[in-house]
Amino acid sequence: MVSEIQIKLLSFDYRLLDLWVRKIIELAKLHKAQVKGPLPLPTKRKIYTFQKSPHVNKPSMEQFEQREHRRLIVFSSFNAELISDIQKIRLPASLDLSVKFK
């Protein structure tokens, strides 16, 4: 039997991520589930460096950064309706959701 559900959300925009985390927690509270979180996980940073020009000014570089923000929500007491409602949520394309049953 499943004793808890772990939901991990990731996005490049922390505001969008926090908005959807709040919506999922409100949904869980409607189903009277026990919620732990949202727990902020470490942010992954990727830095890309490019030359500004291939021929002239070769030492001149430009840097871009991409951040991946992550949150973890754990439900310890829940019902089957909560699981089906979470799976029905239509998230934006820029947000990734993974569900793990323990």
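Read-outs throughout are calculated quantities, based only on the coordinates presented, and are distinct from any laboratory measurement. Keep in mind that this is a model prediction, so the values were computed, not measured. Neighbour counts are summed over all protein chains in view; Cβ atoms, including those assigned to glycine, are modelled from backbone coordinates with ideal geometry.
Which angle from 0 to 90°, rounded to the nearest 10, does the C-alpha axis of helix 14-30 make with the longest principal axis of the chain?
It is inclined by approximately 0 degrees.
Restricting to DSSP loop positions (anything but H, G, I, E, B) with no more than 10 other Cβ atoms inside 10 Å of their own Cβ, which trypsin sites (Lys or Arg not before Pro) remain in segment 26-87? Provide the component values of the computation, followed by the final result.
Numbers: sites: Lys29, Lys32, Lys36, Lys44, Arg45, Lys46, Lys52, Arg67, Arg70, Arg71; in loops: Lys32, Lys52.
Passing sites in segment 26-87 are Lys32.
What FRET efficiency, computed as 1/(1 + (r/R0)^6) with R0 = 30 Å and r the Cβ-Cβ distance, is obtained for Tyr48 and Arg15, rounded to the nearest 0.05?
Details: r = 23 Å, r/R0 = 0.76.
In this case the efficiency is close to 0.85.
Could you give the dipole magnitude of the chain about its Cα centre, charging the beta-carbon of Lys and Arg +1 and that of Asp and Glu -1, in debye to the nearest 20?
Numbers: 19 positive and 10 negative charges, 34 e Å.
Once rounded to the nearest 20, the dipole reads 160 debye.
What FRET efficiency would be calculated for the residue pair Lys102, Leu39, taking the C-beta separation as r and a Förster radius of 22 Å, to the nearest 0.05?
Values: r = 15 Å, r/R0 = 0.68.
That pair, Lys102 with Leu39, gives E of 0.90.
Modelled label-to-label distance, Lys32 and Leu91, 7 Å Cα→beta-carbon offset: nm?
2.8
Could you count how many Lys pairs in the chain have their Cα atoms under 24 Å apart, skipping same-chain pairs fewer than 8 positions apart?
Here the count comes out as 29.
Taking 8 Å as the Cα distance limit and 6 or more residues as the minimum spacing, I'd like the relative contact order of the chain as a percentage. Please report the intermediate quantities before stating the final value.
Details: 167 pairs, mean separation 48.8, N = 102.
Rounded, it is 48 percent for the chain.
Specify, per residue and in Å³, the volume enclosed by the convex hull of the alpha carbon atoms belonging to the chain.
On the way: hull volume 11.1 nm³, N = 102.
Output value, Cα hull per residue: 109 Å³.
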